[in-house]
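The values are calculated or read from the model by the stated rules, or taken from the named source; none is laboratory data. The structure presented is a predicted model; accordingly, all values stated were derived computationally and were not measured. Using ideal geometry, Cβ is built from the backbone for each residue, glycine included, and neighbour counts are taken over all protein chains shown. Just the protein is used for accessible areas: all its heavy atoms, side chains included, with ligands, DNA and RNA removed. Shrake-Rupley method; radii C 1.70, N 1.55, O 1.52, S 1.80 Å.
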Amino acid sequence: MSNFLIECRGLYKTYGLRPALSGVDLAVGPGRIVGLLGPNGSGKTTLIKLLCGLLRPTAGWLAVDGEAIGPYTKSVVSYLPDRMYFADWMRATDLFDLFRDFYADFDYEKAFAMCRSLGVEPHDRLKTMSKGTKEKVQLVLVMARTAKLYLLDEPIAGVDPAARDFILRTILTNYNEEGTVLISTHLISDVEKVLDEAIFLKQGKIMLHQTVDAIRAKENKSVDALFREIFQAGPMFDEEEGF
């Protein structure tokens, strides 16, 4: 069994002639909170979808918890996509029932407790909820699992600064501490305070992967300042196109 929770070797993913990931080598251990940082179109969503099995690589190899992507890895990965994917007629309680049946590690009581702390009424239908409340329900579904790997794709995008702090605090107080959280974002200053490691992704390539402490000691600057320095120029493809 590998000592790493995430492993990628020579990972490539292309959409037609466009490369989304180009030769990604990566190893991340358990018990870490890791920022997957890059501008729109850098390949963050593609890497997350590969890790949770929604996409297949064009070339290369990747594994979660020492296993190739498949039924086992899907059972230990909890995935928060960057958009809502549930039917509006459903209630949060319907989703809790679904997740309890589908995932052995889903904690039903924890889901209700999280709803109380987030101010969500779990018996309401999704169509009656605001966009922010729907996002809270989706966060509850993900964080109520005792997963080995949490893949969070832009969990604080599109919300106000106060809500960002609230969401990050919810993540920090509810994830399985023996697992790893991978947070994809371009809002570096908001997440920097919670990260153990940072991965800088640019045009499908890893530019940097270091601990946050090492970055501050070596570069004598914050992760956000270093990010701005590395990504200060150059247009990127739009994340909406699948990158």
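Of the numbered conditions (1) surrounded by 17 or more Cβ atoms within 10 Å (Cβ to Cβ); (2) within 17 Å of PRO155 (Cβ to Cβ); (3) of a type outside the set (Gly, Ala, Ser), PHE200 fails exactly one; give the number of that condition.
(2)
Looking at GLY60, GLY53 in this structure, which one is among the small types (Gly, Ala, Ser), part of a loop (DSSP other than H, G, I, E, B) and open to solvent by 10 Å² or more (accessible area, probe 1.4 Å)?
Just one listed residue meets the conditions, GLY53.
Does the stretch 23-44 contain any residue that is buried (at least 23 other Cβ atoms within 10 Å of the Cβ), of a type in the set (S, T, N, Q) and touching a helix residue (DSSP H, G or I) at 6+ places or on another chain (Cβ under 9 Å)?
Yes, the stretch 23-44 contains a residue that is buried (at least 23 other Cβ atoms within 10 Å of the Cβ), of a type in the set (S, T, N, Q) and touching a helix residue (DSSP H, G or I) at 6+ places or on another chain (Cβ under 9 Å).
Provide a single number: the residues in the stretch 151-167 that are open to solvent by 10 Å² or more (accessible area, probe 1.4 Å) and either of a type outside the set (D, E, K, R) or under 15 Å from PRO39 (Cα atoms) (or both). It would help to see each step written out before you state the result.
Initial filter on the stretch 151-167 (open to solvent by 10 Å² or more (accessible area, probe 1.4 Å)): 154-155, 157-167.
Then keep just the ones that are either of a type outside the set (D, E, K, R) or under 15 Å from PRO39 (Cα atoms) (or both); that gives 154-155, 157-159, 161-163, 166-167.
Residues flagged as open to solvent by 10 Å² or more (accessible area, probe 1.4 Å) and either of a type outside the set (D, E, K, R) or under 15 Å from PRO39 (Cα atoms) (or both) within the stretch 151-167 amount to 10.
Could you go through the stretch 69-76 and let me know if any residue there is closer than 29 Å to VAL120 by Cβ and touching a Cys at 6+ places or on another chain (Cβ under 6 Å). Walk me through how you get there before you give the answer.
If we filter the stretch 69-76 for residues that are closer than 29 Å to VAL120 by Cβ, which is where we start, we get 74-76.
Checking which are touching a Cys at 6+ places or on another chain (Cβ under 6 Å) leaves us with none.
Checking the stretch 69-76: not a single residue is closer than 29 Å to VAL120 by Cβ and touching a Cys at 6+ places or on another chain (Cβ under 6 Å).
Tell me yes or no: at least one residue of the stretch 208-222 is touching a residue at least 24 places away in the same chain (Cβ under 8 Å) and outside any helix (DSSP H, G or I).
yes
Within the set of pairs 6 or more residues apart or between chains, which connect a residue that is part of a helix (DSSP H, G or I) inside the stretch 167-183 to a residue that is open to solvent by less than 30 Å² (accessible area, probe 1.4 Å) and at pLDDT below 85 with Cβ atoms less than 6 Å apart?
As it stands, the answer is ILE167/ILE156, since those pairs meet every condition given.
Across the stretch 130-141, what is the number of residues that are open to solvent by less than 20 Å² (accessible area, probe 1.4 Å) and more than 19 Å from PHE99 (Cα to Cα)?
The number of residues fulfilling the criteria is 0.
Which residues, taken from the stretch 76-114, are among the aromatic types (Phe, Trp, Tyr) and surrounded by 15 or more Cβ atoms within 10 Å (Cβ to Cβ)? Steps first, please.
Here is the first cut: in the stretch 76-114, the ones among the aromatic types (Phe, Trp, Tyr) are 79, 85-86, 89, 96, 99, 102-103, 106, 108, 112.
Within the stretch 76-114, TYR79, PHE86, PHE96, PHE99, TYR103, PHE106, PHE112 meet the criteria.
What is the one condition in (1) open to solvent by less than 40 Å² (accessible area, probe 1.4 Å); (2) in a helix (DSSP H, G or I); (3) touching a residue at least 40 places away in the same chain (Cβ under 8 Å) that SER117 does not satisfy?
(1)
Just checking, does the stretch 133-150 include any residue being touching a residue at least 60 places away in the same chain (Cβ under 8 Å), within 18 Å of ILE33 (Cα to Cα) and of a type in the set (D, E, K, R)?
Yes, the stretch 133-150 contains a residue that is touching a residue at least 60 places away in the same chain (Cβ under 8 Å), within 18 Å of ILE33 (Cα to Cα) and of a type in the set (D, E, K, R).
I need the full set of residues from the stretch 214-231 which are within 13 Å of PHE200 (Cα to Cα) and loosely packed, with under 11 Cβ neighbours inside 10 Å, in order please.
GLU229
Output the number of residues of the stretch 76-92 satisfying the condition of being farther than 11 Å from VAL140 by Cβ and outside any strand (DSSP E or B).
Total satisfying the criteria: 11.
Please enumerate the residues belonging to the stretch 203-213 that are open to solvent by less than 40 Å² (accessible area, probe 1.4 Å) and within 16 Å of ILE33 (Cβ to Cβ). Even if it seems obvious, please write down each step before you answer.
Applying the first criterion (open to solvent by less than 40 Å² (accessible area, probe 1.4 Å)) to the stretch 203-213 yields 204, 208, 212.
VAL212, the sole residue that qualifies.
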